[in-house]
Amino acid sequence: MKVMVIGSGGREHTIIKSLKKSPEITKLYALPGNGGMAADAECVAIGAKDLESVVRFAQENQIDYAVVAPDDPLVLGMVDALEAVGVPCFGPRKNAAIIEGSKVFSKNLMKKYGIPTAAYETFDDMAAALAYLDTAAIPTVVKADGLALGKGVIIAETRENAKAAVKSMMEDKQFGESGSHIVIEEFLTGPEVSVLAFTDGSCVKPMVSSMDHKRALDNDKGLNTGGMGTIAPNPYYTKEIADICMETIFLPTIQAMNAEGRTFKGCLYFGLMLTPNGPKVIEYNCRFGDPETQVVLPLLESDLFTVMRAVTEGRLAETEVKFSDGSACCIVKASHGYPQKYETGFEITIPQDLDAQVFVAGAKLADGKLLSSGGRVLGVTATAPTLAQAIEKAYANADRVTFANAFCRRDIGQRALAAGK
Ligand code: AMP
Ligand code: GLY
């Protein structure tokens with residue numbers, strides 16, 4: 001079968017490497033992919049948001065199945081467009097992708113169906129938002145409604161900062177139209193857990209849990225990034241907590257989406273906070289997380305393509321989704337200066353005898369050489385029987401993958417190790 005994966009980052013490279021193991025797939029395309037994936041899939045220079053060209057490519061090349069990985073094309077309706085020409089897809093339709101595309105929608109959904117989340121108010125009028133902040137509890141959290149490249153969330157430690165955040169979103173339009181509507185919500189505390197779950201709209205099968213490290217520097221210092229490393233499983237996410245999440249969050253969310261006529265099929269990402277009052281939803285994403293996928297899929301023992309098609313065809317309940325009992329750790333190597341200003345174009349050296357997988361996020365091929373081309377350049381994932389071993393192995397291998405001006409955090413997984421029993 002001919003399969004195409006839409007997207008170009010480390011997450012997509014991980015999905016492609018997993019799909020490559022499936023005996024049923026004869027040809028893999030990445031649209032647009034990146035130079036670091038070229039050995040695993042044929043990269044086609046079509047942008048992930050270019051619905052028309054993607055559909056045309058699928059038709060001209062008799063694509064049998066499509067995996068739509070990033071949020072933008074899902075929210076734009078890529079799955080609807082491909083299904084309309086008969087291409088089965090992994091990923092939610094537009095009317096379900098709104099669970100990530102609009103925070104106002106997802107907060108109202110949780111309120112309506114009693115799904116635990118931070119208390120909140122929504123605003124589309126700046127004066128009302130500012131007046132509300134005169135009496136709101138501090139710290140507070142200000143969120144732009146729409147997609148904002150993960151940057152539309154501001155945690156304000158003072159009333160003044162909260163008001164400045166509201167103005168930057170609603171008046172200065174720092175995140176464009178995303179900020180026309182905002183959510184102001186209660187500040188929660190507790191360990192964070194990412195849970196990705198396969199769902200076909202009736203059955204939900206969570207994958208192994210994981211922990212992201214969002215800040216740029218060690219000890220959670222520095223600016224927020226797209227993610228500097230991940231570990232799985234997350235030791236805070238015990239069997240007891242998993243059972244509570246299934247009952248109070250996962251199943252109710254699937255049922256709520258059905259009740260709204262917005263059946264969700266694909267990978268639903270639950271960003272959870274384990275608060276003193278129980279697990280609560282911080283955010284939903286309508287897709288695999290990045291870089292969570294880089295530790296979750298390497299632990300998947302079942303065939304990814306089989307599971308994905310079961311999701312599409314509504315057969316998830318009867319399909320085995322098995323994970324290894326081991327642990328995984330992904331170290332992201334980024335360009336010095338990321339997430340702000342950084343230089344690119346440096347040659348990347350990847351030894352042939354690594355005892356780890358390399359998932360390339362930002363690189364291009366030029367004259368047969370692989371050159372850095374992004375802020376986050378690649379992730380190195382190791383798996384091992386224990387978390388401590390996975391961390392050690394990931395760093396030993398990541399240190400052998402080199403390019404000028406590379407940097408990585410040295411403490412990925414340390415908090416999880418300290419929490420583990
Ligand atoms: P998001 O982009 O929604 O994942 O938010 C980015 C980060 O902001 C999350 O990973 C949390 O660490 C933090 N965050 C978001 N909402 C809250 C909240 N209500 N209370 C505390 N922290 C939050
Ligand atoms: N790692 C968080 C995300 O994918 O949005």
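Values as computed for the structure displayed
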{"read-out": "Tally of residues being in contact with a helix residue (DSSP H, G or I) (Cβ under 8 Å, 6 or more places away or on another chain), within 14 Å of ligand 2 (Cβ to nearest atom), part of a strand (DSSP E or B) and open to solvent by 20 Å² or more (accessible area, probe 1.4 Å) across region 261-303", "value": "1"}
{"read-out": "Pairs with Cβ under 6 Å, 6+ apart, first in region 265-290 and at pLDDT below 95, second crowded, with 24+ Cβ neighbours inside 10 Å", "value": "none"}
{"read-out": "Qualifying residue in region 236-249 (condition: open to solvent by 20 Å² or more (accessible area, probe 1.4 Å), out of contact with any Phe, Trp or Tyr (no Cβ under 9 Å at 6 or more places or on another chain), within 16 Å of ligand 2 (Cβ to nearest atom) and over 21 Å from Asn277 (Cα atoms))", "value": "no"}
{"read-out": "Failed criterion for Val380 (all others in (1) open to solvent by 30 Å² or more (accessible area, probe 1.4 Å); (2) in a strand (DSSP E or B) hold)", "value": "(1)"}
{"read-out": "Candidate set from region 134-153 (those that are within 15 Å of ligand 1 (Cβ to nearest atom) and either more than 29 Å from Leu251 (Cα to Cα) or of a type in the set (D, E, K, R) (or both)); member that is surrounded by the most Cβ atoms within 10 Å (Cβ to Cβ)", "value": "Lys143"}
{"read-out": "Residues located in region 190-226, provided they are among the hydroxyl-bearing types (Ser, Thr, Tyr), more than 23 Å from Asn277 (Cα to Cα) and open to solvent by less than 50 Å² (accessible area, probe 1.4 Å)", "value": "Thr199, Thr225"}
{"read-out": "Qualifying residue in region 70-78 (condition: closer than 21 Å to Thr312 by Cα, at pLDDT 95 or above and either open to solvent by 60 Å² or more (accessible area, probe 1.4 Å) or aromatic (Phe, Trp, Tyr) (or both))", "value": "yes"}
{"read-out": "Options Gly201, Gly222; residue that is modelled with pLDDT under 95 and not in a helix (DSSP H, G or I)", "value": "Gly222"}
{"read-out": "Matching residues in region 91-122 - criterion: being in contact with a Pro (Cβ under 6 Å, 6 or more places away or on another chain) and open to solvent by 10 Å² or more (accessible area, probe 1.4 Å)", "value": "Tyr113"}
{"read-out": "Among the candidates Glu171, Glu160, Glu185, residue that is within 14 Å of Ala129 (Cα to Cα), among the charged types (D, E, K, R) and crowded, with 16+ Cβ neighbours inside 10 Å", "value": "Glu185"}
{"read-out": "So Ala66, is it buried (at least 18 other Cβ atoms within 10 Å of the Cβ), modelled with pLDDT of 95 or more and not acidic (Asp, Glu)", "value": "yes"}
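Residue by residue, here is whether (1) surrounded by fewer than 20 Cβ atoms within 10 Å (Cβ to Cβ); (2) among the hydroxyl-bearing types (Ser, Thr, Tyr); (3) part of a strand (DSSP E or B) holds:
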{"position": "Gly314", "(1), (2), (3)": "yes, no, no"}
{"position": "Ile331", "(1), (2), (3)": "no, no, yes"}
{"position": "Tyr338", "(1), (2), (3)": "no, yes, no"}
{"position": "Thr344", "(1), (2), (3)": "yes, yes, no"}
{"position": "Leu371", "(1), (2), (3)": "yes, no, yes"}
{"position": "Ala394", "(1), (2), (3)": "no, no, no"}
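Condition check ((1) farther than 18 Å from Lys369 by Cα; (2) buried (at least 18 other Cβ atoms within 10 Å of the Cβ)) across all residues:
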site	(1), (2)
Leu19	yes, yes
Pro23	yes, no
Asn34	no, yes
Ala45	yes, no
Val54	yes, yes
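The values are calculated or read from the model by the stated rules, or taken from the named source; none is laboratory data. Everything numeric here is computed off the predicted structure, so don't read it as measured data. Here Cβ is always computed from backbone atoms with ideal geometry, including for glycine, and neighbour counts include all displayed protein chains. Side chains are part of the model used for accessible areas, which takes the heavy atoms of the whole protein and leaves out ligands, DNA and RNA. Shrake-Rupley method; radii C 1.70, N 1.55, O 1.52, S 1.80 Å.
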